[in-house]
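First comes the structure, then the notes that go with it.
Throughout, read-outs are computed from the coordinates displayed, never taken from laboratory work. What you see is a predicted model; the values in this text were computed from it and never measured. Counting neighbours? That spans all protein chains shown, and the Cβs are built from the backbone with ideal geometry, glycine included.
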Amino acid sequence: MPYNPSIVAEAPEEITQPVGEVREGHRFEVAGLEHYLVRHLDGFAGPVAVRQFQGGQSNPTYLLSTSGHEYVLRRKPPGRLLPSAHAVDREYRVLTALAATDIPVPRTYAYCDDPAVIGTPFYVMDRVRGRIFANPLLPGVSAAERARLYDAMNGVLARLHRLDWQALGLGDFGKPGNYFARQIHRWTTQYRASETENIPEMERLIEWLPAHIPAGDETTIVHGDYRPGNMVVHPTEPRILAVLDWELSTLGHPLADLAYNCVPYHFDAEADGLAGKDLAGLGIPSEAAYIAAYCRRTGREGIEDWDFYIAFSLFRLAAISQGIMGRVLAGTANDPNARDRGLRARALAADGWAVVAAHAR
């Protein structure tokens with residue numbers, strides 16, 4: 001998966017996102033940040049200690065600690081960036097809008113678009129304490145709790161897709177309609193911009209996907225990276241306290257979000273997947289049962305062309321992985337494991353084409 005959580009959990013080490021010293025390429029002048037926060041964040045009082053979350057965030061993410069409060073800062077990375085990538089302004093906007101809904105999100109405090117403060121635009125939000133499960137197998141909990149957590153994840157996604165995005169002031173947050181055609185074009189363009197090798201399966205997907213977009217269209221708020229690793233779970237209860245990492249959110253087709261959420265069903269264990277596992281014994285619903293629960297919550301009778309949505313999700317993941325490799329070669333990657341993630345582009349494209357080929361048989 002391309003991104004790890006943006007907020008650390010107070011939990012056992014295996015499900016905690018580590019925090020450490022700020023990486024050399026991501027340092028900034030703390031005094032300038034303190035000066036800005038004193039003027040723009042009610043109740044802020046320095047001095048502030050700054051540490052950096054050490055996982056694979058696309059946008060560098062920092063823990064800001066004062067004597068009375070903890071905040072999280074998300075910023076655009078320094079250096080040359082791909083067009084439309086690292087949109088922290090959009091993250092801040094959607095998080096702020098969702099605060100008025102029943103979608104659990106961290107509270108936002110301030111957005112700064114002045115690069116003179118710390119070098120790139122950034123926003124500040126609350127730190128949410130809880131558990132984070134990077135692995136969709138949700139290690140360390142009982143089967144009963146896994147079942148409830150998967151149901152909670154399903155319920156939050158269904159509620160998100162039922163929101164009135166126009167009433168929330170998000171009417172211009174994306175272009176309603178024609179979502180898949182635009183996304184295929186966008187991720188093809190991003191892939192080409194960071195292409196480092198020829199991947200035949202990616203070329204086949206780039207040709208096949210635009211010609212097989214299912215009929216009909218829908219528009220909802222979509223998260224874009226909806227998975228267990230981007231959620232903070234209550235420390236002791238199977239309840240989601242916050243959904244994180246809204247960098248890829250927009251107005252789009254809800255089944256793109258659902259399919260991405262279901263991609264682990266198509267990965268094996270070596271890729272942090274669910275394929276081949278005893279799901280019933282683990283308390284995890286089958287893909288069919290998970291889809292059925294979503295359909296029940298959103299009033300759908302079923303979903304046709306599911307293979308397209310899964311193939312699209314794998315294609316998009318491959319393009320994202322290629323973008324990570326581009327950042328590795330440019331020296332701007334945030335994740336120490338970025339090279340390994342970037343190298344997954346070929347396997348992801350192969351998985352996506354395998355879904356298409358299996359459907360054609």
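Compute the helix-to-body angle for 88-98: its Cα long axis versus the longest principal axis of the chain, expressed 0 to 90° and rounded to tens.
In the chain, helix 88-98 runs at an angle near 80 degrees to the longest axis.
For R39 and R148, FRET efficiency with R0 = 35 Å and r from the beta-carbon atoms, rounded to 0.05? Write down the numbers at each step before the final one.
Numbers: r = 44 Å, r/R0 = 1.25.
Computed FRET efficiency for R148 and R39: 0.20.
Using θ = phi - 60° and the Karplus form 6.51 cos²θ - 1.76 cosθ + 1.60, what ³J(HN,Hα) does each residue of the range 282-294 get, whole Hz, x for Gly and Pro?
Result, ordered by residue: 7, x, 8, x, 5, 4, 4, 5, 5, 5, 4, 5, 5 Hz.
Label-point separation (nm) for A275 and D217, each offset 7 Å from Cα along Cα-to-Cβ?
Result: 3.2 nm between the two label points.
Taking the highest mean first, how do the peptides 240-248, 193-201 order by number of other beta carbon atoms within 10 angstrom per residue? Provide the component values of the computation, followed by the final result.
Working: 240-248: 23.3, 193-201: 15.1.
Peptide ranking by packing, descending: 240-248, 193-201.
Answer with one residue from Q166, F133, I221: the one whose Cα lies farthest towards the positive end of the charge dipole of the range 120-234, charges on Cβ with Lys, Arg +1 and Asp, Glu -1.
Result: F133.
Between R23 and E207, what is 0.36 nm times their sequence separation minus the Cα-Cα distance? Round to one decimal in nm.
Gain in length upon complete extension: 62.2 nm.
Sort 154-162, 34-42 by packing, meaning the average of other beta carbons within 10 Å per residue, with the highest value first.
Listed from highest to lowest mean packing, they are 154-162, 34-42.
Among Y111, Y92, rank each residue by its count of other Cβ atoms within 10 Å, from fewest to most, as a rough exposure measure. Before the final figure, lay out each step's value.
On the way: Y111 19, Y92 23.
Arranged by neighbour count, lowest to highest, Y111, Y92 become Y111, Y92.
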